[in-house]
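Colleague: First the structure, which I've put down as structure tokens, then a few questions once you've had a look.
Read the figures in this text as sums done on the coordinates, not as results from a lab. A quick note: this is a predicted structure, and the numbers were derived from the prediction, not measured. Here the Cβ positions follow ideal geometry from the backbone for every residue, glycine too, while neighbour counts run over all protein chains shown.
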């Protein structure tokens, strides 16, 4: 399977007077990319344009250099799991997945449908109508439908919705496998801990705009306009606090007398990382722990949204 690359070039999409996506440019390559953003950020609209089901009002979306909009051939390469649960509820799971295999013109649609349902562990319910499925089961049968033609690109809009913990872990393992195979996988999610575990790369959307791109820790370190928070334990917390507060790289230092924990707010990340070991060495103070308290994906995401 040759690697595929989706490119978004200065894309905007508006609905009447409402701008859903505003001048977004990004590149999504092989591996797993997480698309983050609050409700109304434009994630679903962007995924719709990436899948070729929604026309950009401005700009272009291409797959391996070929325009996606009004190009049915790209559907052979793309598998889509939309957030909306609209489906043919009167069909059984087997009929639903088989119909998609037949629409793709596969040589053996029955074998493809069987394989896709097995991949998402839905064989046990394939004879039941989709309308009788739980939310998690509907997500899994939509996933089977997206995988039935063995696509090189997967676009998943909130794929973990309604899944129990075991199902989530199974889907995470499946996506990791596909990313390792060289497929291009983009998924949106509000489950930040899972995105942190799963995505090799993140794209952040806020109010229709592209807010950030890259590894979340790298993004956090580029945020030089926001103080970094640390918890420090040492052999002399009071002495260390006095030395740190005297330097301009720290905005605040707080010592919890009950726990002996030193909390530091560093204004300059680079200066602080150089200052701390030097100050400790010169004062003969041993550092037992230096832990950032705002390095989580949730912290990065919250800061970007508030900004």
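Colleague: Apply 1/(1 + (r/R0)^6) to the Cβ-Cβ distance of residue 291 and residue 14, taking R0 = 41 Å, and write down the FRET efficiency to the nearest 0.05.
Modeller: Values: r = 44 Å, r/R0 = 1.08.
Rounded to the nearest 0.05, the efficiency is 0.40.
Colleague: Also: For the chain, what does the helix formula give at 222 nm: sum of -39500 (n - 2.57) over DSSP H segments with n ≥ 4, over the residue count, nearest 500 deg cm²/dmol?
Modeller: Details: 10 runs with 105 residues, N = 307.
It lands at -10000 deg cm²/dmol.
Colleague: Here's a follow-up. Tally the DSSP beta bridges in region 34-192 and give the antiparallel ones as a percent, rounded to 5.
Modeller: Working: 3 of 14 bridges.
Of all bridge pairs located within region 34-192, approximately 20 percent are antiparallel.
Colleague: Oh, and also: Of the listed peptides 12-18, 289-295, what is their order by residue-averaged count of other C-beta atoms within 10 Å, with the highest listed first?
Modeller: Values: 12-18: 11.7, 289-295: 14.1.
Peptide ranking by packing, descending: 289-295, 12-18.
Colleague: Please list, in order, the residues from region 59-80 whose amide nitrogen is less than 15 Å from a point placed 7 Å along the Cα→Cβ vector of residue 181.
Modeller: Flagged as within label range: 77-80.
Colleague: Follow-up question, since we're still on this one. Return the percentage of antiparallel bridges among DSSP beta bridges fully within the chain, rounded to the nearest 5 %.
Modeller: Details: 36 of 54 bridges.
The answer is about 65 percent antiparallel.
Colleague: Something else now. Cut-off 15 Å, label point 7 angstrom out along Cα-to-Cβ of residue 245: give me the residues of region 266-296 whose amide nitrogen falls inside.
Modeller: 266
Colleague: Using R₀ = 22 Å, calculate the FRET efficiency as 1/(1 + (r/R₀)^6) where r is the Cβ-Cβ separation of residue 23 and residue 67; round to 0.05.
Modeller: Details: r = 18 Å, r/R0 = 0.84.
That pair, residue 23 with residue 67, gives E of 0.75.
Colleague: For the pair residue 218/residue 263, report the inter-label distance in nm, with labels modelled 7 Å from Cα in the Cβ direction.
Modeller: For the pair residue 218/residue 263, the computed spacing is 3.1 nm.
Colleague: What order do you get for 77-84, 44-51, 159-166 when each peptide is scored by the mean count of other beta carbon atoms within 10 Å, highest first? Write out the running numbers ahead of the final one.
Modeller: Values: 77-84: 19.2, 44-51: 24.2, 159-166: 15.8.
Highest mean packing first, the order is 44-51, 77-84, 159-166.
Colleague: By how many nm would the segment from residue 118 to residue 39 grow when fully extended, if each residue of separation counts as 0.36 nm and the alpha-carbon distance is taken off? Walk me through the numbers on the way to the answer.
Modeller: Details: separation 79, 0.36 × 79 = 28.44 nm, distance 3.25 nm.
Fully extending the segment from residue 118 to residue 39 adds 25.2 nm.
Colleague: What relative contact order, as a whole-number percentage, does the chain give when Cα pairs under 8 Å and 6 or more residues apart are counted? Walk me through the numbers before you get to the answer.
Modeller: Numbers: 592 pairs, mean separation 60.9, N = 307.
That works out to 20 percent.
Colleague: Applying 1/(1 + (r/R0)^6) with R0 = 25 Å to the Cβ-Cβ distance of residue 166 and residue 99, what FRET efficiency is obtained, to the nearest 0.05?
Modeller: Values: r = 28 Å, r/R0 = 1.12.
According to the calculation, E is roughly 0.35.
Colleague: Follow-up. When the Cα atoms of region 222-294 are enclosed in a convex hull and the volume is divided per residue, what value in Å³ results?
Modeller: Details: hull volume 5.7 nm³, N = 73.
Spread over its residues, the Cα hull of region 222-294 gives 78 Å³ apiece.
Colleague: With springs connecting C-alpha atoms under 10 Å apart, model the chain as a Gaussian network and identify which of 104, 149, 190 has the largest mean-square fluctuation.
Modeller: Sorting by GNM fluctuation, first place goes to 104.
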